[in-house]
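The next block holds one structure in the form of structure tokens; read it before the comments.
Throughout, read-outs are computed from the coordinates displayed, never taken from laboratory work. Fair warning: this is a prediction, and the values are worked out from it, not measured in the lab. FYI the Cβ positions are ideal-geometry reconstructions off the backbone, even for glycines, and counts take in every protein chain you see.
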Amino acid sequence: MIEKCEGLDNIEEYMQGLCHNGAFNTSKAYDTLRTRNPIKPWMKCIWQAYIPPRFSFTTWLALRRCLPTKVNLPFVEMETKNNSLCHMELETSEHLFFSFHISSHVWNGIKQWLNIDASLSTIKRAIKWLRRQHTGHNNRKKFCRLGTMSVIYHIWKMRNIV
């Protein structure tokens, strides 16, 4: 906070700016003190009113590599870090969502249904492709976004059931 005030001499003046009608405003203080990272270009793509929040949230976690896959949980002792569905490869996001034979079958089906020619081999590539969809009917763009994020959500949900 002292850094934000540029020294102790300015702290009283700075604190007055955090008050509203003579009372300390917690939300102003929080907003002032928190670090603001630049908005990622994919944020506007996944957080849309027509996309169910659970789809957006799961996709957001996956893009940030924060889904609790077995590989992302080094502090939890497990018998094996292999995928619970195939028991053959390590459970990484890439394997779970794209390399795993059931996932690739689902992706091929959704790509065929939505007439998508792009190679969606990672979540970042899929979202990058979605962001580039400027041509065509607006509903098609929405269907592609919903379809992609629905697949991510439902594969994650299927993994959690096992």
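Odds and ends about this structure:
- A Förster radius of 45 Å combined with the Cβ-Cβ distance from LYS141 to ALA23 puts the calculated FRET efficiency at roughly 0.45.
- FRET E, pair GLN112, THR35, Förster distance 41 Å, beta-carbon r, rounded to 0.05: 0.40
- Dipole magnitude (debye, nearest 20) for the range 81-162, charges at Cβ of Lys, Arg, Asp, Glu: 500 debye
- Within a Gaussian network of the chain (alpha carbon springs, distance under 10 Å), most fluctuating of TRP60, TRP129, TRP113: TRP113
- Using Cβ point charges alone (K and R +1, D and E -1), the dipole size of the chain about the Cα centre works out to roughly 1040 debye.
- Averaging the sequence gap over all C-alpha pairs within less than 8 Å and six or more residues apart, then dividing by the number of residues, gives the range 41-161 a relative contact order of 30 percent.
- Within the chain, longest stretch free of exposed GluC sites (Glu not before Pro) [DSSP loop, at most 14 other beta carbons within 10 Å]: 90-162
- For the residues ARG36, ARG64, ARG54, a GNM of the chain with alpha-carbon springs under 10 Å puts the largest fluctuation on ARG36.
- C-alpha center-to-center spacing [the range 20-83, the range 94-162] in angstrom: 20 Å
- Most mobile of LYS40, LYS141, LYS28 in a GNM of the chain (Cα contacts under 10 Å): LYS28
- Residue separation of LYS81 and THR122 scaled by 0.36 nm, minus their Cα-Cα distance, works out to 12.7 nm of gained length.
- Calculated [θ] (222 nm, deg cm²/dmol) that DSSP helices of n ≥ 4 give over the chain, each run adding -39,500 (n - 2.57): -14000 deg cm²/dmol
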